[in-house]
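Each remark here refers to the structure printed beneath this line.
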Amino acid sequence: MTNSADQSWEHAGHGLPSSEPDLNTTAIATGLQLPTGFTAIAGDPDLGPAITTNLARVEKKLREAIANSDPLADATSRHLVEAGGKRIRPLLTLLCAHLGDASLPAVVQAAVVVELTHLATLYHDDVMDSAPFRRGAPTAHEVWGNSVAVLTGDLIFARASILVSELGSRALGIQARTFERLCLGQLHETVGPRPDEDPLAHYLSVIADKTGSLVAASGQLGAIFSGADEAYEALLVEYGEKVGVAFQLADDVIDVTGIKVKSGKSPGTDLREGVPTLPVLLLRKAARDGDQSAVELLTLVDGDLSSDEALAAAVAGLREHPVTAQSWVVARTWADEAIAALAPLPEGVVKASLTSFAHAVVDRSS
């Protein structure tokens, strides 16, 4: 680092602590396991090693980006990175980059930016939701308090902003608009639908902003910085928006079906916290339409769920009610629309992997 801006960045705390271990990309790559839906990548003799190597570079640069010479900032920033994660968003950036020249250095940096942005939102979301755990570890606000957790999220987003600024004004604009949508999605979720607003439409809008927007930006940035055909960008944005919504819809259905082993999510968490999800919204609609079984189940769902027994009964009731099957249909419809958006892409492992991922996010019920 030679210019004054870089020196100011170092003075602000960026830089490796004196005890920072050497991060070997090859060692990281050896330990990587691709998420469900991306098995076609691993089986491709060219794409597999290229994706794995670049994903390892992303992991290395992530840890370098959040490293801080201030011990507290370093510990809080590392908290979620070291807890793991599927790295789906940077993986999508790297995969979509293979529609162009994926070896360009900016591709890895763009992938780091989307994951840093995602991590920043998790710190904020956990405070908003009072979540006790994230990725199997106590959340940052449980360890250091709300203020430190929020400030850590801000710090990580600042690091993402520094990196994206080096990619140019277009990338900066995409990231800024995406972060605006992430914030608006959280705001609208917090205040709920307006009196004249359809609750289901409000819910879909929230998850499009909170989840779909960043997934869409991930694929778009991969296409841009690999020099892929500009016509692919709009397709990847549409795909990302819709597969992101499908993913969150499926996650919400999983909460009321009791699939804990595969998803890692404790059944009924959203029910207990009163978070509106698709099955409950459909249940309320069924009750309004005169479905007596929905009316009876809604009494249980809206009751006191503080005890494990009451929560288990509500989960079991929702799992067996037709609204859960209807919810899976809705989620799969979004996934199917995401796949349809890919039609103009050239046939190959990239398209096949994106298609497989869309199927995988909504096939977690069995």
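Considering SER226, SER165, which residue is modelled with pLDDT of 95 or more, in contact with a His (Cβ under 8 Å, 6 or more places away or on another chain) and under 22 Å from ASN54 (Cα atoms)?
SER226
Among the candidates THR76, THR53, which residue alone is over 18 Å from SER218 (Cβ atoms), of a type in the set (Val, Ile, Thr) and surrounded by fewer than 20 Cβ atoms within 10 Å (Cβ to Cβ)?
That would be THR53, the only listed residue that is over 18 Å from SER218 (Cβ atoms), of a type in the set (Val, Ile, Thr) and surrounded by fewer than 20 Cβ atoms within 10 Å (Cβ to Cβ).
Every residue, every condition in (1) buried (at least 20 other Cβ atoms within 10 Å of the Cβ); (2) of a type in the set (A, V, I, L, M, F, W, C); (3) touching a residue at least 12 places away in the same chain (Cβ under 8 Å), yes or no:
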site	(1), (2), (3)
LEU163	no, yes, yes
GLY173	no, no, no
LEU187	no, yes, no
ASP196	no, no, no
LEU221	yes, yes, yes
GLU238	no, no, yes
GLN248	yes, no, yes
THR257	yes, no, yes
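Can you find a residue in the stretch 231-242 that is aromatic (Phe, Trp, Tyr) and closer than 30 Å to VAL58 by Cα?
Yes, some residue in the stretch 231-242 is aromatic (Phe, Trp, Tyr) and closer than 30 Å to VAL58 by Cα.
Mind listing just one residue for me: the one in the stretch 76-90 that is closer than 15 Å to TRP144 by Cβ and hydrophobic (A, V, I, L, M, F, W, C) and, of those, nearest to the chain's Cα centre (by Cα)?
LEU80
Taking ALA234 as meeting all but one of (1) open to solvent by less than 40 Å² (accessible area, probe 1.4 Å); (2) in a helix (DSSP H, G or I); (3) modelled with pLDDT of 95 or more, write down the number of the exception.
(1)
Here is a yes/no grid of residues against (1) of a type in the set (D, E, K, R); (2) more than 16 Å from LEU249 (Cα to Cα); (3) open to solvent by 50 Å² or more (accessible area, probe 1.4 Å):
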| residue | (1), (2), (3) |
| --- | --- |
| GLY303 | no, yes, no |
| THR324 | no, no, no |
| ARG332 | yes, no, yes |
| ALA341 | no, yes, no |
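If I filter the stretch 117-132 for residues that are assigned to a helix (DSSP H, G or I), at pLDDT 95 or above and open to solvent by less than 10 Å² (accessible area, probe 1.4 Å), do I get at least one hit?
yes
For the stretch 291-366, list the helices (runs of 4 or more DSSP H) that sit wholly inside it and hold at least 1 residues that are over 29 Å from ILE88 (Cα atoms) and touching a Lys or Arg at 6+ places or on another chain (Cβ under 6 Å); which are they?
308-320
The values are calculated or read from the model by the stated rules, or taken from the named source; none is laboratory data. Everything numeric in this text was worked out from a predicted model, so none of it was measured. We place every Cβ from the backbone using ideal geometry, glycine too, and count neighbours over all the protein chains shown. Note: accessible area is taken over every heavy atom of the protein model, side chains too, but ligands, DNA and RNA are not part of it. Shrake-Rupley method; radii C 1.70, N 1.55, O 1.52, S 1.80 Å.
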